[in-house]
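The values are calculated or read from the model by the stated rules, or taken from the named source; none is laboratory data. Since the structure is predicted, the reported quantities are computational estimates derived from the model, not experimental observations. All Cβ positions, glycine included, derive from the backbone under ideal geometry; neighbour counts span all protein chains shown. Side chains included, ligands, DNA and RNA excluded: accessible areas come from the protein's heavy atoms. Shrake-Rupley method; radii C 1.70, N 1.55, O 1.52, S 1.80 Å.
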Amino acid sequence: MKILILTYGSRGDVQPYVALGKGLQRAGHAVTLATSSRFRAFVEDHGLAFQPMSDTLLSLIDTDEGKDLLENGGTFFGLARRGVRLMKRMRPANEALLRDSGQAAQAADPDLIVFHPKTAGAPDIAEKLGIACLLATPIPIVVPTRDWRFPIFPNVPLGGW
């Protein structure tokens, strides 16, 4: 089976999917991993085929404003205020991520897409291609529990919703 893994973010968002890809290869599958171009060597050094995605969104996070947003947390309103300032630059970066995800799928011609929640366009891409799609998340980022809060708003008491 040809499998495309779509992931995006820091090395912590890429490395678990490299490990997953290697396991899928050992099971006899052809695996392509698509992520930010800054991780090309990391992915290829582990023997996986690579499809590039734009580095623009990660580059925004590398700015002083982006680091402040991630590192200083704060209240819901503080996060929202800082997030709004980055929004104008984030929209085109997110559009590029979606476009790159689709191009990676076209190039890889997969039978299955396995995806990280940050590549949220994966289900739509899989539907367009008429193939299966599977969310694989190494932490409960999309399904928070009482023991593991939603990391985007860590200081907001949301309980176990």
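List the residues, sorted by chain then number, that are 5 or more residues from LEU33 or on another chain and whose placed amide H is less than 5 Å from its amide H.
HN-HN under 5 Å from LEU33: ILE5, ALA49, PHE50, GLN51.
Between ASP45 and ALA132, what is the label-point separation in nm under the 7 Å Cα-to-beta-carbon projection?
So the two model labels end up 3.3 nm from each other.
If ligands, DNA and RNA are left out, what is the accessible area of ILE125 with a 1.4 Å probe, given in Å² to the nearest 10?
20 Å²
Within the stretch 9-35, list the residues whose amide N lies under 19 Å from a label point set 7 Å along Cα→Cβ of ILE139.
9-20
Just how much of ARG99 is accessible, in Å², when a 1.4 Å probe is used and the result is rounded to the nearest 10?
In the full protein context, ARG99 sits at about 130 Å².
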